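The values are calculated or read from the model by the stated rules, or taken from the named source; none is laboratory data. If you're wondering where the values come from, they're calculated on a predicted model, not measured in any experiment. Cβ coordinates were reconstructed from backbone atoms using ideal geometry, including for glycine residues, and neighbour counts include every protein chain displayed. Heads up: the accessible areas ignore ligands, DNA and RNA and are worked out on the full protein's heavy atoms, side chains in. Shrake-Rupley method; radii C 1.70, N 1.55, O 1.52, S 1.80 Å.
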Amino acid sequence: MKRRVVVTGLGLVTSVGIGVEETWQALLAGKSGIGRITLFDASDFPTQIAAEVKGFDPERFIDKKEARRMDRFVQFGVVATDMAMRQAGFEKPFEGEEAARVATILGSGIGGLATLEDEHKTLLAKGPRRLSPFFIPMMIVNLLPGNISIRWGARGPSWSPVSACATGAHAIGEAFRTIQRGDADVAICGGAEAAITPLGIGGFTAMRAMSTRNDDPQGASRPFDKDRDGFVQGEGAGVLVLEELEHAKKRGANILSEIVGYGANADAFHITAPSDEGAPACIRLCLEDGGIHPEEVGYINAHGTSTPLNDANETAAIKKVFGDHARKLAVSSTKSMIGHTLGAAGGIEAVITVLAITRGVLPPTINYTTPDPECDLDYVPNVAREQRVDVALSNSFGFGGTNVVLAFRRFHG
């Protein structure tokens, strides 16, 4: 039998709040975290807006010397992890045999892009001897779980998936599997991203993937709306603490939810455009894995990027899988408020999905003003909704045709 896995801790760093409660209240209020880019001069860029994390001082949370040796994406992940671990009831690093049973599986779609850009400038201006010895450890993705495992004494499996916008969801799904099969009792998992840099913004702009609604930043991310014109890049981190059920019960942990399903597949179709079959097949895999009847699902936190193709494709996938029940589902995209956080999105949105179950409130899709005939589901438009949900899904789809769907269930003991 598969071991049951529950969620005992949550951590968030987003453009609308540093912390779970601050972020959650902002989402329920329909607050947008999108504004003009301040992290660099974007005046020459076609896209000049992003969802930046505001007022983030890493030295409030991390030793100054340590913080200077971490890229911004790692700092976000470390801070979100500390929040999640403390909510789960862990106050100090693991020791002894217990430490070997704690996994750290967290990823980033892009990693330390700001560090890479800064060090490349140093190389060109001052030569290779002036490069920082911390350049590579700051930049590479697996130093996210690396730093976290060191900080918390976690000696179980430690690694990073890198799968574009599905990264955080892959990390959670694989952590779920790691506990299910008995390779760990606790897993710290999720994703972090900090790619609002000249290359990050410039690269996505060159793909014509991002909104250019520079005169209306807070109205720029409008998933499922007819007038959507591209995604808005965000940054931040979302981290969950997963635990084997009996392990959590034994130590008296407060169980927030149960993770019950994980579907992962590939379109094998196109490097950026989704296929008609990949997403619905992935949703079905998740439902089958969790033993979930489609009619049990009450809410889907959509991938919902605000690009014309993605939103129509995701809507079609939901209708293909759920049939008539699709009209009874609540579907919302929190990217309308916090932007698309790339490799962190799956982690952040999984946290939000758990909160929707535990709090009995569904976050809205803001900026939904003009219905699109191709997107005709209930997107919880503009205003949060009180609604009990027993089973919820979180969708994540990435470049390269990589798809992940996670399923969470209200915990019943």
Under 6 Å between Cβ atoms, at least 6 apart or on separate chains: pull out the pairs that start in the range 388-402 with a residue that is over 10 Å from C282 (Cβ atoms) and end on any residue that is part of a strand (DSSP E or B) and of a type in the set (S, T, Y). V389/Y299; A392/Y299
Subset of the range 109-157 [among the polar types (S, T, N, Q) and open to solvent by 30 Å² or more (accessible area, probe 1.4 Å)]: T122, S132, N142, N147
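Results for (1) out of contact with any strand residue (DSSP E or B) (no Cβ under 6 Å at 6 or more places or on another chain); (2) among the aliphatic types (A, V, I, L, M), shown as yes or no for each residue.
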{"position": "T334", "(1), (2)": "yes, no"}
{"position": "G339", "(1), (2)": "no, no"}
{"position": "D378", "(1), (2)": "no, no"}
{"position": "V383", "(1), (2)": "yes, yes"}
{"position": "A392", "(1), (2)": "no, yes"}
{"position": "N395", "(1), (2)": "no, no"}
{"position": "T402", "(1), (2)": "no, no"}
{"position": "R409", "(1), (2)": "no, no"}
Does D185 qualify as being among the charged types (D, E, K, R) and without any contact (Cβ under 8 Å) to a residue 12 or more places away in the chain? no
Residue by residue through the range 382-411, note down the ones that are closer than 22 Å to L242 by Cβ, touching an Asp or Glu at 6+ places or on another chain (Cβ under 6 Å) and either surrounded by fewer than 22 Cβ atoms within 10 Å (Cβ to Cβ) or hydrophobic (A, V, I, L, M, F, W, C) (or both). V391, R409, R410, F411
I'd like to check something: does the range 48-68 contain any residue that is over 22 Å from the mean Cα position of the chain (by Cα) and under 30 Å from R213 (Cβ atoms)? yes
Answer yes or no as to whether V351 is touching a residue at least 40 places away in the same chain (Cβ under 8 Å) and buried (at least 22 other Cβ atoms within 10 Å of the Cβ). yes
Among all residue pairs at least 6 apart or on different chains, which show Cβ distances below 7 Å where the first residue, located in the range 359-381, is surrounded by fewer than 13 Cβ atoms within 10 Å (Cβ to Cβ) and the second is in a loop (DSSP other than H, G, I, E, B)? T370/K226; T370/D227
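Here is a yes/no grid of residues against (1) more than 16 Å from the chain's Cα centre (by Cα); (2) hydroxyl-bearing (S, T, Y); (3) crowded, with 18+ Cβ neighbours inside 10 Å:
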site: T178; (1), (2), (3): yes, yes, yes
site: R181; (1), (2), (3): yes, no, no
site: F204; (1), (2), (3): yes, no, yes
site: M210; (1), (2), (3): yes, no, yes
site: D216; (1), (2), (3): yes, no, no
site: D225; (1), (2), (3): yes, no, yes
site: G230; (1), (2), (3): yes, no, yes
site: G234; (1), (2), (3): no, no, yes
Within the range 256-286, residues open to solvent by less than 10 Å² (accessible area, probe 1.4 Å) and within 29 Å of T8 (Cβ to Cβ) come out as S257, I259, G261, G263, C282, I283, C286
Identity of the residue in the range 295-319, open to solvent by 40 Å² or more (accessible area, probe 1.4 Å) and within 26 Å of R410 (Cβ to Cβ), that ends up farthest from the chain's Cα centre (by Cα): E295
Could you say which residue among G96, G107 is of a type in the set (G, A, S) and under 17 Å from the mean Cα position of the chain (by Cα)? G107
